[in-house]
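Visitor: Sharing a structure below in structure tokens format, with a few things to ask.
The values are calculated or read from the model by the stated rules, or taken from the named source; none is laboratory data. Since this is a predicted model, take the numbers as computed values, not measurements. For neighbour counting, all protein chains shown are included, and Cβ atoms are generated from backbone atoms with ideal geometry for every residue, glycine included.
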Amino acid sequence: MGLAWLVAAAVAAVLTSWAFNALVYLVWRPYAISKKLRAQGVHGPGYRFFTGSLGEIKRFRAEIASAELEVGDHDFVPMVQPHFRKWIPLYGRTFVYWTGARPNVCLADVNMVKQVLFDRNGLYPKNLINPHISRLLGKGLVLTDGEEWKRHRKVVHPAFNMDKLKNMTGTMSHCARSMISEWESQLMGTKNTQVEVELGSRFEELTADVISHTAFGSSYVEGKKVFLAQRELQYLAFSTVFNVQVPGFRFLPTEKNLKTRRLDAQVRGMLMDIIKTRLAHKDTHGYGHDLLGLMLEACAPEHGDTPVLSMDEIIDECKTFFFAGHDTTSHLLTWTSFLLSTHPEWQERLREEVRRECGGGDAVPTGDVLNRLKLVNMFLLETLRLYAPVSLIQRRAGSELEVGGVRVPEGAILTIPIATIHRDKEVWGEDAGEFRPERFENGVTRAAKHPNALLSFSSGPRSCIGQNFAMIEAKAVVAMVLQKFSLELSPKYVHAPMDVITLQPRHGLPMILKSI
């Protein structure tokens, strides 16, 4: 009897403690944070118990779910991020909203964004709240922080120096040539001067082939299952973005969790097979000079008991670059093609530049030639401004600190709405909503009223390590396509950008290609 009473008392004490902590986290803390921020002039939609602002965000998204835009309208923010469009006019560029009981401070002020992104002291680590996104990307260079990030970067960075990237141009061009040859075969098969191609999916395959060849010494065919599994993981991860992230919930055997684990295990297994194949041939061919080779060299037994990267870390880096290395570039090419087709005068100007600098027909552009394509570069930068592959980025306050004069609590998420900032008339001028590549005529830093206003690849010391890779690849593909074809938007196209971690056309990009 006495023992039973003690057990019951212990259980009651644990439950009481848990209930008290839950009450503090879900009620008192949000109230206290809201009060402190309001005292500093930072307002926002009111906190709702447990769900925060997520119910309101979901309602906004449901109201706009089937919306479409006119082809000449580039303002997709009301469709992709309706909460920012509704709340910024009400509360200003800096406001607080809630994902569950966690405060999100929206930073749509470029100076505050610069303070966060240019920090070198580790004050604003990456936000790893959503475990599904961590599974998709792997805890590689994109998601690591501090000394761990420095260690990963030391291994990965040499693969992306400009000399290596210029040498990769031939491989990029070879992959693009295969794609273009298929289109030419389709034209010959129809005995016509034009053919309709769904460019979105074709560019996904192309950029997957490029990253497979340049980073992993394989091909898209060999890595296809990895990309397909990652695409499923991408949609699963995005489906959880507007859910309350409950600690430990990902371990429950729900249908979504089980599917995520199965896909993640498949991806890791397939990447391990690629690694084992490379290791099996290292005695005759070495580790290789691509990204995978550099990572395996860092993990080699000759480094002793403490290799720079463990095998698990190498697999995570492979996941990062299999996804990030092709997904963002494919969407850059997709939106570039869309804008080329809707701005025929610019398409012709770019074609003339390509012919002048690269030659016509089957001439393959080299790295040095691509650097001379000033108009192509301007066009790509304006595409990135209006249709940045990633519409927002997030950091986390590692401690209670001051951002732009506002004291934010430890653990608060700092959300940077890239798509909104890229359309800010006070930053880009009255024509911020218009497609005007000439704004980049004097370079990125002079295109807007703030030198760090273009955030397509983030900014500061943690800016995307693959941005030069992406730009060289995009220039090469655009040049080779314009040498052979003119692009005309298909009447089937529906302009409905959607965000599934990356920005893409909801209904694909059907394009009429006409042989030149």
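Visitor: Residue pairs, Cβ under 6 Å, 6 or more apart or interchain, first in the stretch 501-516 and surrounded by fewer than 20 Cβ atoms within 10 Å (Cβ to Cβ), second modelled with pLDDT under 95 and charged (D, E, K, R). List them.
Guide: Pairs that qualify, where the first residue is surrounded by fewer than 20 Cβ atoms within 10 Å (Cβ to Cβ) and the partner is modelled with pLDDT under 95 and charged (D, E, K, R), are 502/327.
Visitor: Take the residues in the stretch 162-211 that are within 23 Å of residue 492 (Cα to Cα) and of a type in the set (Lys, Arg), then tell me which one is surrounded by the most Cβ atoms within 10 Å (Cβ to Cβ).
Guide: Checking each candidate, the answer is 202.
Visitor: Condition test on residue 473, is it charged (D, E, K, R), on the phi < 0 side of the Ramachandran plot and surrounded by fewer than 18 Cβ atoms within 10 Å (Cβ to Cβ)?
Guide: Working: charged (D, E, K, R): yes; on the phi < 0 side of the Ramachandran plot: yes; surrounded by fewer than 18 Cβ atoms within 10 Å (Cβ to Cβ): no.
No; evaluated as a whole, the condition is false for this residue.
Visitor: With the structure loaded, tell me whether residue 243 is farther than 17 Å from residue 159 by Cβ, surrounded by 14 or more Cβ atoms within 10 Å (Cβ to Cβ) and either touching a strand residue (DSSP E or B) at 6+ places or on another chain (Cβ under 7 Å) or free of Cβ contacts under 8 Å to residues at least 24 places away in the same chain (or both) or whether it fails that test. Break it down into steps so the answer makes sense when it comes.
Guide: Values: farther than 17 Å from residue 159 by Cβ: yes; surrounded by 14 or more Cβ atoms within 10 Å (Cβ to Cβ): yes; either touching a strand residue (DSSP E or B) at 6+ places or on another chain (Cβ under 7 Å) or free of Cβ contacts under 8 Å to residues at least 24 places away in the same chain (or both): no.
In short, no.
Visitor: Further question on the same structure: Looking only at helices (runs of 4 or more DSSP H) that lie completely in the stretch 1-109, which have at least 2 residues being of a type in the set (Gly, Ala, Ser) and free of Cβ contacts under 8 Å to residues at least 24 places away in the same chain? Talk me through it step by step, then tell me what you get.
Guide: Values: elements: 2-23, 29-39, 54-64, 77-80, 82-91.
Qualifying helices (runs of 4 or more DSSP H): 2-23, 29-39, 54-64.
Visitor: Scan the stretch 354-371 residue by residue and report those that are in contact with a Pro (Cβ under 9 Å, 6 or more places away or on another chain) and buried (at least 18 other Cβ atoms within 10 Å of the Cβ). Before the answer, list the steps.
Guide: First pass over the stretch 354-371, keeping only residues in contact with a Pro (Cβ under 9 Å, 6 or more places away or on another chain): 354, 357-359.
Hits for the stretch 354-371 are 354, 357, 358.
Visitor: Hey, another quick one. When the residues of the stretch 114-136 are filtered to those that are hydrophobic (A, V, I, L, M, F, W, C) and within 29 Å of residue 247 (Cα to Cα), which remaining residue is surrounded by the most Cβ atoms within 10 Å (Cβ to Cβ)?
Guide: To start, the set of residues in the stretch 114-136 that are hydrophobic (A, V, I, L, M, F, W, C) comprises 116-118, 123, 128-129, 133, 136.
Keeping just the survivors that are within 29 Å of residue 247 (Cα to Cα) gives 116-117, 123, 128-129, 133, 136.
Details: 116: 22, 117: 21, 123: 16, 128: 15, 129: 16, 133: 20, 136: 26.
Ranking the qualifying residues of the stretch 114-136, first place goes to 136.
Visitor: For the stretch 5-56, name all the residues that are closer than 18 Å to residue 98 by Cβ, of a type in the set (S, T, N, Q) and out of contact with any helix residue (DSSP H, G or I) (no Cβ under 8 Å at 6 or more places or on another chain).
Guide: Correct list: 34, 40, 51.
Every residue, every condition in (1) assigned to a loop (DSSP other than H, G, I, E, B); (2) at positive phi; (3) among the charged types (D, E, K, R); (4) without any contact (Cβ under 8 Å) to a residue 12 or more places away in the chain, yes or no:
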site: 341; (1), (2), (3), (4): no, no, no, no
site: 345; (1), (2), (3), (4): no, no, yes, yes
site: 348; (1), (2), (3), (4): no, no, yes, yes
site: 364; (1), (2), (3), (4): yes, no, no, no
site: 378; (1), (2), (3), (4): no, no, no, no
site: 381; (1), (2), (3), (4): no, no, no, no
site: 385; (1), (2), (3), (4): no, no, yes, no
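Visitor: How about the stretch 110-144: which of its residues are in contact with a Lys or Arg (Cβ under 6 Å, 6 or more places away or on another chain), modelled with pLDDT of 95 or more and assigned to a loop (DSSP other than H, G, I, E, B)?
Guide: Within the stretch 110-144, 124, 125 meet the criteria.
Visitor: Does the stretch 398-425 hold any residues that are more than 21 Å from the chain's Cα centre (by Cα) and among the aliphatic types (A, V, I, L, M), and which are they?
Guide: 401, 403, 406, 408, 412, listed by residue number.
Residues are listed down the side, and each one gets a yes or a no for (1) within 25 Å of residue 385 (Cβ to Cβ); (2) in contact with a Pro (Cβ under 6 Å, 6 or more places away or on another chain); (3) crowded, with 18+ Cβ neighbours inside 10 Å:
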position: 3; (1), (2), (3): no, no, no
position: 15; (1), (2), (3): no, no, no
position: 37; (1), (2), (3): no, no, yes
position: 50; (1), (2), (3): no, no, no
position: 53; (1), (2), (3): no, yes, yes
position: 62; (1), (2), (3): no, no, no
